[in-house]
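As structure tokens, the structure follows; a few thoughts come after it.
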Amino acid sequence: MGYEGVMDVSYPIRPVDDSEFLAFGAVMDQAFNSTWPLEEIIRLERLVIEAERTLAAFDQDRVAGTTLAYSFGMTVPGGDVVPTAGISGVSVLPTHRRRGILTALVHRQLADIAAGGEPLAALFASESAIYGRYGYGAAVEQYSFTVHRGEGSLRPLPGADAAWPTLRLADPKDAVTELKAVYEAVRPTRPGMLTRSDGFWELHLSDPEFMREGSSPMRCVVAEDESGARGYAMYSAKPDWGSDGMPAGSLALRELFWTDPVACAALWSDLLSRDLVSQVRARLRPADDPLRHMLVDSRRTRAHVTDGLWVRLIDLPAALARRTYAGEIDIVLEVTDEVLPANHGRWRLTAGGQRDDVKAACERTAAEPDVALPVSALGAAYLGGCRLGGLAAAGQITELRPGAVAQLSAAMYSEPAPWSPVMF
């Protein structure tokens with residue numbers, strides 16, 4: 001069969017049932033080159049997978065492509081929690097690539113999400129070149145840090161001595177009540193953070209040995225006082241020694257949350273001064289992580305930035321009306337959306353900035369547009385971390401009224417920086 005013939009093949013798409021989960025997972029196992037035991041991964045994923053939100057493309061009786069959606073709530077600028085489909089497990093068998101299976105799965109999934117009423121979808125991209133063409137925009141920058149031994153000196157923090165918390169080591173599963181309390185204190189303050197069900201907490205705290213790659217079991221340090229937990233860090237350590245007999249161990253930070261600056265400083269100070277550790281590595285950190293300003297020498301973070309969470313507006317007017325804006329705005333947008341036609345066309349976005357008496361609104365209009373842009377650009381800017389000027393300079397946004405791009409970008413910008421600290 002030639003290439004053109006393959007492209008014409010139809011692959012039925014439907015959710016899988018309980019008997020098909022292993023075959024569903026086997027496609028991801030192949031596509032992501034996994035070395036983990038498939039049966040154990042499926043057992044863990046069953047804690048959170050909703051069977052009705054899976055989609056599989058079939059080649060006769062064989063699963064050839066997969067995707068799934070989790071049901072989250074995501075904090076958006078202003079603190080509202082918007083229902084969000086968390087997309088994961090997008091994969092196609094190596095033998096079935098370039099046949100349109102991925103496009104068919106994504107289009108079907110986006111249509112299903114729209115029919116279900118969720119205004120947003122979000123994902124982490126294994127390959128960043130894929131999802132822009134389906135209307136997703138890179139909305140969150142994530143940082144990685146590597147701090148070497150002896151480089152963790154922090155600047156003095158006024159008032160820290162009186163407010164310094166007690167640090168307590170704990171098994172994460174034993175401290176889950178404190179972890180949940182801190183996470184729930186932080187989540188409403190950060191655009192991009194997601195609700196965690198009990199199933200997601202159980203999955204998050206699972207620590208199978210095959211995932212450790214020679215590191216210790218997951219450990220936890222809680223910062224607390226008489227009022228309760230004020231922060232925590234989860235991490236693992238990997239012992240090692242150099243040929244000169246010097247310690248060369250590493251500490252990998254899984255997550256660190258804080259409810260006040262002193263608790264944040266206490267946790268970082270502890271982790272960066274551990275004995276026998278030659279470097280501390282941290283991933284999935286926010287763009288405005290305090291560590292970059294707390295260190296005496298900020299270059300010692302060796303900060304590396306890449307794309308994190310990608311956001312897709314499913315119901316454009318509902319999504320834009322659910323967040324707040326940094327300033328008053330009245331602007332007409334010419335939006336292109338080739339996948340979800342209900343978003344396509346002209347929209348008038350109005351908002352009162354910090355005025356509580358003027359709520360944001362987004363409505364159809366026949367007025368002349370001020371800015372023309374793809375729906376992916378609105379997804380990139382939605383959580384308040386992406387400035388639109390860069391997209392305009394790259395030719396992805398067209399300014400039709402002088403100053404309109406700067407006005408829209410300033411209104412959509414938000415503090416603090418968006419953050420999605422856990423991949424899914």
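Number of residues in the range 367-387 that are in contact with a helix residue (DSSP H, G or I) (Cβ under 8 Å, 6 or more places away or on another chain), within 23 Å of T84 (Cα to Cα) and either buried (at least 20 other Cβ atoms within 10 Å of the Cβ) or acidic (D, E) (or both) equals 10.
Regarding T301, is this residue in contact with a helix residue (DSSP H, G or I) (Cβ under 7 Å, 6 or more places away or on another chain), under 30 Å from L157 (Cβ atoms) and not acidic (D, E)? Yes, satisfied. Of all residues in the range 137-173, those being of a type in the set (S, T, Y) and in contact with a Gly (Cβ under 6 Å, 6 or more places away or on another chain) number 0. In the set (1) modelled with pLDDT under 95; (2) assigned to a loop (DSSP other than H, G, I, E, B); (3) exposed (fewer than 13 other Cβ atoms within 10 Å of the Cβ), A162 fails one condition alone, (2). Whether any residue in the range 146-159 is over 30 Å from G231 (Cβ atoms) and touching a residue at least 60 places away in the same chain (Cβ under 8 Å) is what I want to check. Within the range 146-159, none of the residues are over 30 Å from G231 (Cβ atoms) and touching a residue at least 60 places away in the same chain (Cβ under 8 Å).
Among the strands (runs of 3 or more DSSP E) confined to the range 216-309, the ones with at least 2 residues that are closer than 21 Å to K180 by Cα and touching a Cys at 6+ places or on another chain (Cβ under 7 Å) are located at 228-238. Go through the residues of the range 275-285 one by one and say whether even a single one is out of contact with any Lys or Arg (no Cβ under 9 Å at 6 or more places or on another chain) and hydroxyl-bearing (S, T, Y). No - not one qualifying residue is present in the range 275-285.
Of the candidates A69, A129, A114, the single residue that is in contact with a strand residue (DSSP E or B) (Cβ under 9 Å, 6 or more places away or on another chain) and either crowded, with 17+ Cβ neighbours inside 10 Å or more than 18 Å from D315 (Cβ to Cβ) (or both) is A69. Look at T84 and say whether it is assigned by TED's automatic domain parsing to the domain that holds A26, over 22 Å from R14 (Cα atoms), of a type outside the set (F, W, Y) and touching a residue at least 60 places away in the same chain (Cβ under 8 Å). The answer is no for T84.
The values are calculated or read from the model by the stated rules, or taken from the named source; none is laboratory data. Bear in mind the structure is a predicted one, so any value in this text is a computation, not a measurement. Cβ coordinates were reconstructed from backbone atoms using ideal geometry, including for glycine residues, and neighbour counts include every protein chain displayed.
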